[in-house]
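A short write-up of the structure that comes next.
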Amino acid sequence: MAEHRLSLAVNGRENQLHSKLVTFETPGSVITTGSVSTGSIAIVGLGYVGLPTAVELHGKSPRIIGIDVSEQRLRDIASRAADLTDADQERLAAALADGTLELTTDPAAARGAEAVIICVPTPVDSNQTPDLAALQAACATVVQHAVPGQVIILTSTSYVGTTRDLLTEPLRQRGMAVGTDINVAFSPERIDPGNPSHLQSETPRVVGGATEECTVRAAEVIGRVTDSVYLVSSTDAAEATKLYENIFRAVSLALANEFADACGALGLDPIEVTLAAGTKPYGFLGVFPGPGVGGHCIPCDPHYLLWQLNAQDQASPLIEQAMKSIAMRPERVIGRAGEVMAAAGRPLAGARVIVIGVSYKAGVRDLRESPALPLIEGLIREGAEVAYYDPLIPVLNLPGGAQLRSVAAPQGPDFDLAVVHTLHPGLDYTWAYDVPVVLDATYQFSGAAHRAVV
């Protein structure tokens, strides 16, 4: 098992505390316990977590059963149109070519698998309330088709107690003794979409089972995905681990945005200051400011804990304020757009504005919770004539029903204001230098000498 340094700001004591972690030594053999002895693994949900997990298992499992409710998603995967890194695209092509990866919408296919890994989305609704519909449906289906000897692993981020409520107890109600007849565990996903530097095989995973036997059996499965597996005492502890990871990130991003505003008031560059602070080898874990926070995790996952604690009348003021700050960040960008246009001698209303990049993260074709959506709607609300440029997102459907298409070949003089939201690697943005006013919400578009920052 590979050793990994703990990321703890504890004055250097992380080396002492590392010994408190329970590590799992991966045997590296095919699973053979139970009534099904093929070593096959079923992946339920082939989205941003499930598909990379499936392709990572190529060469490590003789049969991978990919299950998804969407026929269109399966067609996209079969045609290699799914959004993956170049390395994962190669793995996908190999898995499809040799027949290792089977794609189906039939949930009963999971009956032939030794292990079942559940990877479905856990979003929140417009009121920031957890939307558990997909997760509940997936878990109910897996329980329905579960067979003795299987290992069932939930990876989707949710409230503490989800694995117990949606898997362990329903299986017991079916008459299966968890830990004896069947094994249940939670192992939070750690996928960094679009980042080829963070390989699954090199990213440690945490596993917590309903029993000690469940933990060991699940760790054997997760050990095929990564060479580092750490064990915790329960499914609840594993679920809380994932919530804490993403809540820490949310609070850090809220702080980074607030500190960037402070730097603006003081005439300082927040990127320079953050990088300088990052030279400290202990006690500081910096992140960069931006136009807001998007994606499947950070804008959503903390609300699962807040929702659960609110039901118990337990306040979490720091987390609550961080999430409010994150949600309001696009409005701050809109307000700043009005300020820079006023400084240029004209109002935002009636201005021709182009938003550069609309996906939530550089290098991915993913719009989930992207700050660009409320940003564009807010600019339209203020009377601006808005277009956008993002070759990765050719069509943009706004929440209010309007549809925009990416400008194919934008020219700087065609616009009065450019708002830099997401900078994708490998694209040429030099045309934006000719836009009279540039508002850089990434703080890193240094090519335009006349740019302003949020």
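The values are calculated or read from the model by the stated rules, or taken from the named source; none is laboratory data. For clarity, every value in this text was computed on a predicted model and none was experimentally measured. Positions of Cβ are backbone-derived with ideal geometry, glycine not excepted, and every protein chain shown enters the neighbour counts.
If I ask for residues that are among the β-branched types (Val, Ile, Thr), over 19 Å from Asp165 (Cα atoms) and part of a loop (DSSP other than H, G, I, E, B), which ones from region 182-231 would you list?
Ile191, Thr203, Val225, Thr226
Here Gly99 passes the criteria (1) farther than 23 Å from Pro188 by Cα; (2) in contact with a Gly (Cβ under 7 Å, 6 or more places away or on another chain) except the one numbered (2). Among the residues of region 381-398, those identified as in a loop (DSSP other than H, G, I, E, B) and of a type outside the set (Asp, Glu) are Gly383, Ala384, Pro391, Leu392, Ile393, Pro394, Leu398. Candidates are the residues of region 387-422 that are of a type in the set (A, V, I, L, M) and touching a Lys or Arg at 6+ places or on another chain (Cβ under 7 Å); the one that is surrounded by the most Cβ atoms within 10 Å (Cβ to Cβ) is Ile393.
Within region 85-104, the residues that satisfy the criterion of being out of contact with any strand residue (DSSP E or B) (no Cβ under 7 Å at 6 or more places or on another chain) and surrounded by fewer than 17 Cβ atoms within 10 Å (Cβ to Cβ) are Asp86, Ala87, Gln89, Glu90, Ala93, Ala97, Asp98, Gly99.
From the list Ala54, Ala115, Ala81, Ala110, the lone residue that is free of Cβ contacts under 8 Å to residues at least 24 places away in the same chain and either assigned by TED's automatic domain parsing to the domain that holds Gly295 or small (Gly, Ala, Ser) (or both) is Ala81.
Residues that are over 22 Å from the mean Cα position of the chain (by Cα), β-branched (Val, Ile, Thr) and within 19 Å of Ser158 (Cβ to Cβ) within region 272-327 are absent altogether.
Consider Ala218 carefully, then state whether it is buried (at least 22 other Cβ atoms within 10 Å of the Cβ), farther than 14 Å from Val22 by Cα, out of contact with any Asp or Glu (no Cβ under 9 Å at 6 or more places or on another chain) and in contact (Cβ under 8 Å) with a residue 24 or more places away in the chain. Yes, satisfied.
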